[in-house]
Amino acid sequence: MHNLVWAIKTLAELTGGRLNPYMEQQFKKDYAGNLLAEHNRKLLTPSEERWLGVVNFAESELGKKVPLSGAHYRGHLGTWVRTFYTHLGDRQETRLVNGVQQPIYVYACHDPAVAAGLTKAVEEFFAHPSPSAALRQAGAFVSKKAVVTA
């Protein structure tokens, strides 16, 4: 940073104190800001936390291919975990899913108990012959909206 300030001062002296305003902004604000941000980034300790959606966990950690449609599709996998494994968490984040920003449930995969629970849930889901029937029987598709009476 000291060298940057010295270079700007020298450049200003060479040009008679008339720096191009765009160049001055580039040096003083953009470049200096980037230097400070990089310096601060190096000082931060990296987080060991890993928050993943269940589909991402199944594909990246377990090597499963979760299809977009069919008996064992993505939406039912998420519903399976929220229905039968509620103890794994209820944190939601807005993430890009199939090109659309939407809230999804994310799980603390850095916690061994949560990772083990997700592994069990995913394996159970794919082993089940008809997950949608099990979800329907468990009441997973019943609307939780209040009934409006006239």
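Report Rg(Cα)/(2.2 N^0.38 Å) for the stretch 37-94, keeping two decimals.
Details: Rg = 15.9 Å, N = 58, 2.2 N^0.38 = 10.3 Å.
Scaled against compact globular proteins, the figure is 1.55.
So, counting K/R as plus one and D/E as minus one, what does the shell of residues with Cβ under 12 Å around residue 89 add up to? Before the final figure, lay out the partial values.
On the way: positive: 82, 91; negative: 90, 93, 111.
Residues near residue 89 contribute -1 overall.
Here the gap between residue 127 and residue 36, fully extended at 0.36 nm per residue and compared with their Cα-Cα distance, gives a gain of 27.6 nm.
Counted by Cβ distance under 13 Å from residue 105, the other residues give a net charge of +2, where Lys and Arg count +1 and Asp and Glu count -1.
Once the chain from residue 7 to residue 97 is taken as fully extended at 0.36 nm per residue, the excess over their C-alpha distance is 27.7 nm. Computed from label points 7 Å out along Cα-Cβ, the spacing between residue 60 and residue 142 is 3.6 nm.
None of the figures in this text is laboratory data; all of them are computed from the coordinates on show. What you see is a predicted model; the values in this text were computed from it and never measured. Glycine also receives a Cβ, built like all others from the backbone with ideal geometry; neighbour counts cover every protein chain displayed.
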